[in-house]
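Data first, discussion second: the structure below is written as structure tokens.
The values are calculated or read from the model by the stated rules, or taken from the named source; none is laboratory data. Predicted model, so just to flag it, every value in this text is computed and none were measured. Glycine gets a Cβ as well: all are built from the backbone with ideal geometry, and neighbour counts include every protein chain shown.
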Amino acid sequence: MTAAIDLLSAPSRAKRRSVPWTIVFAFVVLGLAAVAVVFGGWLYPDAMRQDILSGLLPAGTPGYPLGTDELGRDVWAMTVAGAASALIGPVFVAVGSMSLGIVLGTLAGYERGWLDIVISRWTDLLLALPVLLAAIVVSGVFGGGYWVTVGLLVLLFSPSDIRIVRAGVLEQSARPYIEAARMLSLSRWRVMFRHILPNVSTLVLTNAMLNVAFALVAFSSLSFLGVGVPPGTADWGRQLIDNRAIMFDNPWAVVVPALLIIVVASAVNLVGDWAGQRLSQVGKAL
């Protein structure tokens, strides 16, 4: 009887363990994007080379699968080489803002008191600032380049991370295992970062992945507005502004980078949401 029940339940277990095709597709997209980031500059070191005589070649021209822009630059080469500029910055923004969120959110949620008040008011102030507008103003005033924009977005993205981590730490601080750790006279730092933080790791991972997607869109928007990425740089957002005038001559020069921004951002969101759900299931099982 037990064997029969196990046999009947086996398909349902296999179904639960199977990965949806959308997640598989998202992993494939992120894998290809990672390959382009690592090897794009090596494969196309002269991606921004101009050849006026080859300007506005249509897609499918031998040697130019996506055609060329009005300066004769290979759209395919620019797109592959531009993955590094488009994706490295958002990853640094997500890691940096989440690092601030982990440190300040954990301190605010565990220590409370005046430290919580100061950190909370600071996050309220930053949340009141429009991200793109603040980035444009600061970059315009100080003449910031790519990494200045990265640092600014780290600061502007951190308030939501601080609040999320703080909420998770507040919820965990009332648990019996934290009271037991305090009774053992463990240090505050050990309790915060050895016991509480691992139990909010699902929130941290999910929100960090969302930050990558949001930062990708923010970076592309700033590049489209001419902020952060200088002219002559292979970048997806920069391609949009450089090639908008040739939309009807070679639409692939605009459509491909725009689609890549959307697809990669969606893939990051899907993988982050799926990973968060799997981690939650593992935590419940343990």
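Can you report the number of residues in the range 77-116 which are surrounded by 20 or more Cβ atoms within 10 Å (Cβ to Cβ) and out of contact with any helix residue (DSSP H, G or I) (no Cβ under 7 Å at 6 or more places or on another chain)?
Count: 2.
Using beta carbons and a limit of 6 Å, which pairs, at least six apart or on different chains, have the first residue in the range 100-123 and within 12 Å of A167 (Cβ to Cβ) and at pLDDT 90 or above and the second one hydroxyl-bearing (S, T, Y) and crowded, with 21+ Cβ neighbours inside 10 Å?
Pairs that qualify, where the first residue is within 12 Å of A167 (Cβ to Cβ) and at pLDDT 90 or above and the partner is hydroxyl-bearing (S, T, Y) and crowded, with 21+ Cβ neighbours inside 10 Å, are G101/S158.
Here is a list: V91, V29. Which entry is outside any strand (DSSP E or B) and more than 19 Å from G228 (Cα to Cα)?
On the way: V91 fails: more than 19 Å from G228 (Cα to Cα).
Going through V91, V29 in turn, the sole match is V29.
Take A86 and decide whether it is in a helix (DSSP H, G or I) and modelled with pLDDT of 95 or more.
no
Filtering the range 206-226 down to residues that are over 15 Å from P130 (Cβ atoms) and β-branched (V, I, T), which residue is modelled with the lowest pLDDT?
T206
Taking into account only those residues within the range 104-125 that are charged (D, E, K, R) and part of a helix (DSSP H, G or I), which is nearest to L197 (Cα to Cα)? Show your work before the answer.
Of the range 104-125, the ones charged (D, E, K, R) are 111-112, 116, 121, 124.
Narrowing further to those that are part of a helix (DSSP H, G or I): 111, 116, 121, 124.
Details: E111: 14, D116: 17, R121: 23, D124: 23 Å.
Among those residues, the one meeting the criterion is E111.
Residues that are without any contact (Cβ under 8 Å) to a residue 24 or more places away in the chain, surrounded by 18 or more Cβ atoms within 10 Å (Cβ to Cβ), out of contact with any strand residue (DSSP E or B) (no Cβ under 6 Å at 6 or more places or on another chain) and among the hydrophobic types (A, V, I, L, M, F, W, C): does the range 148-156 have at least one?
Yes, the range 148-156 contains at least one residue that is without any contact (Cβ under 8 Å) to a residue 24 or more places away in the chain, surrounded by 18 or more Cβ atoms within 10 Å (Cβ to Cβ), out of contact with any strand residue (DSSP E or B) (no Cβ under 6 Å at 6 or more places or on another chain) and among the hydrophobic types (A, V, I, L, M, F, W, C).
From (1) modelled with pLDDT of 90 or more; (2) more than 23 Å from L260 (Cβ to Cβ), pick out the condition that doesn't hold for L32.
Among (1) modelled with pLDDT of 90 or more; (2) more than 23 Å from L260 (Cβ to Cβ), L32 violates only (2).
Considering only the range 126-143, state which residues are in contact (Cβ under 8 Å) with a residue 12 or more places away in the chain, among the aliphatic types (A, V, I, L, M) and part of a helix (DSSP H, G or I).
Matches in the range 126-143: L126, L127, V131, L132, A134, A135, I136, V138.
Would you say S187 is free of Cβ contacts under 8 Å to residues at least 24 places away in the same chain and either of a type in the set (S, T, N, Q) or crowded, with 21+ Cβ neighbours inside 10 Å (or both)?
Against the criterion (free of Cβ contacts under 8 Å to residues at least 24 places away in the same chain and either of a type in the set (S, T, N, Q) or crowded, with 21+ Cβ neighbours inside 10 Å (or both)), S187 qualifies.
Return yes when V37 is more than 17 Å from I246 (Cβ to Cβ) and either under 27 Å from the mean Cα position of the chain (by Cα) or crowded, with 17+ Cβ neighbours inside 10 Å (or both) and no when it is not.
So V37 passes the test.
So, of the residues in the range 40-53 that are in contact (Cβ under 8 Å) with a residue 24 or more places away in the chain and in a helix (DSSP H, G or I), which turns out to be surrounded by the fewest Cβ atoms within 10 Å (Cβ to Cβ)?
So, considering only residues that are in contact (Cβ under 8 Å) with a residue 24 or more places away in the chain and in a helix (DSSP H, G or I), the one surrounded by the fewest Cβ atoms within 10 Å (Cβ to Cβ) is L43.
Being over 15 Å from A77 (Cα atoms), in contact with a helix residue (DSSP H, G or I) (Cβ under 8 Å, 6 or more places away or on another chain) and not small (G, A, S) is the filter here, so list the residues in the range 253-275 that pass it.
Hits for the range 253-275 are I261, V263, V264, V268, N269, L270, V271, D273, W274.
A quick yes/no check of all residues on (1) under 17 Å from V80 (Cα atoms); (2) crowded, with 19+ Cβ neighbours inside 10 Å; (3) at pLDDT 85 or above:
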| position | (1), (2), (3) |
| --- | --- |
| P230 | no, no, no |
| Q239 | yes, yes, yes |
| R244 | no, no, yes |
| M247 | no, no, yes |
| V255 | yes, no, yes |
| I261 | yes, yes, yes |
| K284 | no, no, no |
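Run T61 past the list (1) in contact (Cβ under 8 Å) with a residue 40 or more places away in the chain; (2) of a type in the set (V, I, T); (3) out of contact with any helix residue (DSSP H, G or I) (no Cβ under 6 Å at 6 or more places or on another chain) and report the number of the one that doesn't hold.
Every condition holds for T61 apart from (1).
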